[in-house]
Amino acid sequence: MNETKNRVIEIDLLELLQEFKNNIGTIIGVTLLFAAAAAVYVFALTAPKYSYTQLVDCGSLREKDIHSFVSIFNEHSKVCELVKDQNSDTNLLKFEFQGTDPDLIKTECQAYTREALKKINDHIVKLHEIRYGKEYFDTVSKEIAKINSSLQDGSITSQGAAQYLQLLKERLELREKNKWLSLIKAELVPRRVDKAVKISRPQYITKSGLLGLFLSLTYLTGRYFRRLFKNQ
């Protein structure tokens, strides 16, 4: 009984394949029609589309904080996503703008990324306490020794010494701050080609052709089974 049943199914499948074969012209025609319609839309009816991206190395920022920034940057439109650097496996933020004007989207992306970078670095500064290295303390000690010597021989007044120490402190702290931040701050990843890239859209033609193929096969299969059930 099973053999008979399997044979019936096999015959039905062969008949269905024969149905496809008999209508091969229709299948090819519908497929080409859908592909041609997509080609006209992509190349004739729509302007070329471009994409411009910038990558930001998030430095010492925790992944939890990075995800929070991604949500903030995508609040109005999706322009940012978290990606991995293939070489170092570090977290990068990818900012991407798309449009028909390559110069405009480049300008917009650069401006947006600069603002995003400032927000990230402001957050990093709040998270980290600036560390002062041995060089800082050695310099301060030497300068204090010089000032004490100058005070003793009368070559400088106490008021002048105080002003000098205040300026020295501000200058050294700024230098140490910049040095420390250079190790932890987020920064732009250099680009090899700094221009908007034209988005390739031939894949729409292929997808449209496959859709036409699928619809034609679905129609022929439905027609075949409708006729089969009607005969039974």
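Descriptive notes on the structure:
- Residues 41, 52 arranged by fewest to most Cβ contacts within 10 Å: 41, 52
- Sorted by Cβ density within 10 Å, fewest first, the residues 95, 214: 214, 95
- Given 126/177; 94/207; 49/195; 126/169, the pairs whose alpha carbons are separated by over 18 Å: 94/207; 126/169
- With both labels modelled 7 Å from their Cα along Cα-to-Cβ, the residue 16 to residue 167 distance reads 9.1 nm.
- Three principal axis lengths of region 134-184 [C-alpha, angstrom, descending]: 44, 18, 9
- Highest-MSF residue in the chain out of 185, 134, 84 [GNM, Cα springs under 10 Å]: 134
- Where N is the number of residues in the chain, Cα Rg divided by 2.2 N^0.38 Å: 1.98
- Computed from point charges on the beta carbon alone (+1 for Lys and Arg, -1 for Asp and Glu), the dipole magnitude for the chain about its Cα centre is near 600 Debye.
- The residue among 124, 88, 98 whose Cα reaches farthest toward the positive pole of the charge dipole of region 85-128, with charges on the beta-carbon of Lys, Arg, Asp and Glu, is 124.
- Contour excess over end-to-end distance, with Cα ends at residue 84 and residue 118 and 0.36 nm allotted per residue: 10.1 nm
- Report summary: the helix-based calculation at 222 nm, which adds -39500 (n - 2.57) for every DSSP H run with n ≥ 4 and divides by the residues of the chain, gives -23000 deg cm²/dmol.
- Label point of residue 223 set 7 angstrom out along Cα-Cβ; within region 19-48, amide nitrogens under 18 Å from it belong to 19-34.
- In this structure, residue 137 and residue 75 have a Cβ-Cβ separation that, at R0 = 45 Å, corresponds to a calculated FRET efficiency of about 0.50.
- Euclidean distance of C-alpha centroids, region 22-64 and region 181-232, integer Å: 7 Å
- Computed magnitude of the charge dipole of region 134-184 (debye, nearest 20; Cβ of K, R +1, Cβ of D, E -1): 160 debye
- Each of 174, 188 has some number of other Cβ atoms within 10 Å of its Cβ, and from fewest to most they run 174, 188.
- The simple spin-label model puts a point 7 Å past each Cα toward its Cβ; for residue 189 and residue 157 those points are separated by 5.8 nm.
- Max mean-square fluctuation residue, GNM over the chain, Cα-Cα springs under 10 Å, options 31, 221, 113: 221
- Percent RCO, i.e. relative contact order, over the chain, from Cα pairs under 8 Å lying at least 6 residues apart: 36 percent
- Extension gain, residue 149 back to residue 47 (0.36 nm per residue minus Cα-Cα distance, nm): 29.1 nm
- Cα-based helix-to-principal-axis angle, 63-73 vs the chain, degrees rounded to 10: 70 degrees
- Between 115, 96, 187, the GNM of the chain built on Cα springs shorter than 10 angstrom shows 115 fluctuating the most.
Just so you know, all these numbers are worked out from the coordinates, no wet-lab data involved. Keep in mind that what you see is a predicted model, and the values were worked out from it rather than measured. All Cβ positions, glycine included, derive from the backbone under ideal geometry; neighbour counts span all protein chains shown.
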